[in-house]
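Notes for the one structure printed next.
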Amino acid sequence: MKYFSILTAVSVLFGFALSTNSCSNSHDSSFEYLLVKFEGDKNWSLINSDGEVEKRNELISDYTPTLVKEGFFIADSGYYHVDNLKSPAFYDENVKTGTLFHNGTAIILTEYEDGERYFSFIGYDGERNGKGSLARHKVWHLAHDYFYTYDKEGEKVVASMESIAEDPKGNTILGPELTGTVFRNTSTGELIYAAYEGRDDIAEEPVWETTDQLVNFENCWLDGYFIKRTEDGHLVVLDLELNELFSHPEAYTNEQVYHEAYLGDKVIYRADPYNRLYGLMSTDGTVLMQPEYSELYHLGNNVFVVQRNNESEWAGGYLTDEKGNSLTSTKISVSNTIRLASIFKQCYNNNANIGDFYVVSIKNDDGSDEWALIDSKGKRAPLPAKISRIGDARREPLYIRGRIYNEFQKR
């Protein structure tokens with residue numbers, strides 16, 4: 001593979017967990033299937049978007065399988081299709097890792113007897129495009145026809161789906177045909193964020209440069225917008241061309257955890273820069289939900305999971321609409337629900353729902369937690385048993401039989 005040099009690029013690791021969930025078109029609306037393990041079952045089952053169990057106790061996989069995208073998922077023994085949980089759709093003992101499918105294409109990494117590793121593209125039939133290009137060891141976050149990988153020196157770069165041997169400049173996926181990098185001005189010490197279009201030479205002029213701190217720079221491809229950090233802590237949302245989408249004098253960000261979400265016509269915000277209470281505001285400044293929630297997370301389609309301030313997590317939270325009206329009397333384990341929804345978003349670019357059902361953790365009367373599927377009217381899917389585990393393997397690349405995960409841990 002041919003790789004580029006990123007000016008005097010530095011790896012900038014933001015110590016923030018961006019737990020937002022956008023209503024933008026940058027991600028799918030819902031999953032069609034969900035893999036679960038029911039209490040008492042040894043193997044995994046398949047639930048469809050109507051909340052029905054299509055296959056019960058069929059998938060054998062010691063490692064947690066992935067979520068399902070485009071009908072396929074990865075489990076211990078390779079790529080499976082929802083039509084058959086008993087054997088892989090295709091499997092090659094030399095294939096070590098792979099991504100889920102994205103518009104009919106996935107990327108696999110194959111290790112041969114001489115120890116060399118290569119990337120290849122595969123389609124739904126599992127056929128690859130030859131031996132492919134030399135790989136360092138992994139690929140991840142396949143989106144907008146780009147994916148992340150490493151160059152020979154171990155620096156993260158962005159490679160193109162159009163040709164696996166070509167690399168758009170920059171080390172961050174910003175959006176369709178847009179990649180970017182971060183480097184430090186050696187004279188002033190300022191960080192400079194820059195965006196480049198396509199695969200032009202590094203000497204070409206960037207589409208834009210800015211010294212504004214774009215705190216979700218590495219994740220903006222998921223959201224379709226930037227969050228800018230200002231000196232006074234106000235929330236400013238920009239589009240991918242740096243045009244302002246939202247700001248308001250009473251809307252603040254959080255210095256530690258970026259919990260805001262720009263939802264197209266609404267934002268989750270803080271009214272005080274010194275406390276962690278959240279509310280919901282329309283972009284015209286109308287307050288829809290007062291900032292009185294210690295947790296406020298958008299699950300999708302204007303359904304939110306909330307925890308009121310001064311109410312203990314043990315007692316549970318609520319599902320609400322955009323005006324804070326409770327949708328069900330069922331108490332929700334907010335932290336568990338947000339944790340899973342964050343995996344759906346950050347690892348799979350998806351809302352936390354399957355069809356009309358939201359995947360939530362509920363609080364039982366005895367204090368125990370239980371996974372459930374609940375729609376926006378509070379109706380639960382009638383499942384045959386309690387869900388003990390959900391197929392949500394969160395790391396990419398997704399390892400076949402877990403073979404080289406331990407190997408990487410030793411490096």
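The condition of being at pLDDT 90 or above and touching a Phe, Trp or Tyr at 6+ places or on another chain (Cβ under 9 Å) holds for only one of Tyr63, Tyr79, Tyr91, that being Tyr79. The set of residues from region 376-392 being in a strand (DSSP E or B) and basic (Lys, Arg) comprises Arg380, Arg389. If you go through region 356-370 and pick out every residue that is within 12 Å of Thr330 (Cα to Cα) and either open to solvent by less than 20 Å² (accessible area, probe 1.4 Å) or at pLDDT 90 or above (or both), you end up with 5.
Just the residues that are farther than 20 Å from Tyr33 by Cβ and in a loop (DSSP other than H, G, I, E, B), please, taken from region 353-375.
Asn364, Asp365, Asp366, Gly367, Ser368
Here Thr210 fulfils each of the conditions (1) modelled with pLDDT under 90; (2) farther than 21 Å from Gly300 by Cβ; (3) of a type in the set (Ser, Thr, Tyr) apart from (1). Would you confirm whether any residue within region 213-224 is modelled with pLDDT of 90 or more, farther than 21 Å from Ala143 by Cβ and not charged (D, E, K, R)? Within region 213-224 (the criterion being modelled with pLDDT of 90 or more, farther than 21 Å from Ala143 by Cβ and not charged (D, E, K, R)), the answer is yes, since at least one residue qualifies.
Taking the stated definitions as given, is Lys152 basic (Lys, Arg) and either under 17 Å from the mean Cα position of the chain (by Cα) or not in a loop (DSSP other than H, G, I, E, B) (or both)? No; evaluated as a whole, the condition is false for this residue. Does Asp114 satisfy being without any contact (Cβ under 8 Å) to a residue 24 or more places away in the chain and surrounded by fewer than 16 Cβ atoms within 10 Å (Cβ to Cβ)? So Asp114 passes the test.
Restricting attention to region 42-93, the residues that are in a loop (DSSP other than H, G, I, E, B) and farther than 19 Å from Leu142 by Cα total 23. Test Gly189 against the criterion of being over 24 Å from the mean Cα position of the chain (by Cα), open to solvent by 20 Å² or more (accessible area, probe 1.4 Å) and either under 18 Å from Asp212 (Cα atoms) or of a type in the set (Asp, Glu) (or both), and give yes or no. Against the criterion (over 24 Å from the mean Cα position of the chain (by Cα), open to solvent by 20 Å² or more (accessible area, probe 1.4 Å) and either under 18 Å from Asp212 (Cα atoms) or of a type in the set (Asp, Glu) (or both)), Gly189 qualifies.
Would you mind stating whether Leu34 is in a strand (DSSP E or B), open to solvent by less than 50 Å² (accessible area, probe 1.4 Å) and either among the hydroxyl-bearing types (Ser, Thr, Tyr) or farther than 22 Å from Phe147 by Cβ (or both)?
Here the answer is yes, as Leu34 does meet what is asked.
The values are calculated or read from the model by the stated rules, or taken from the named source; none is laboratory data. Please read all numbers here as calculations on a predicted model, not as lab measurements. Every residue, glycine among them, receives a Cβ derived from its backbone with ideal geometry; neighbour counts consider all protein chains shown. The accessibility values were calculated without ligands, DNA or RNA, using every heavy atom of the protein model including side chains. Shrake-Rupley method; radii C 1.70, N 1.55, O 1.52, S 1.80 Å.
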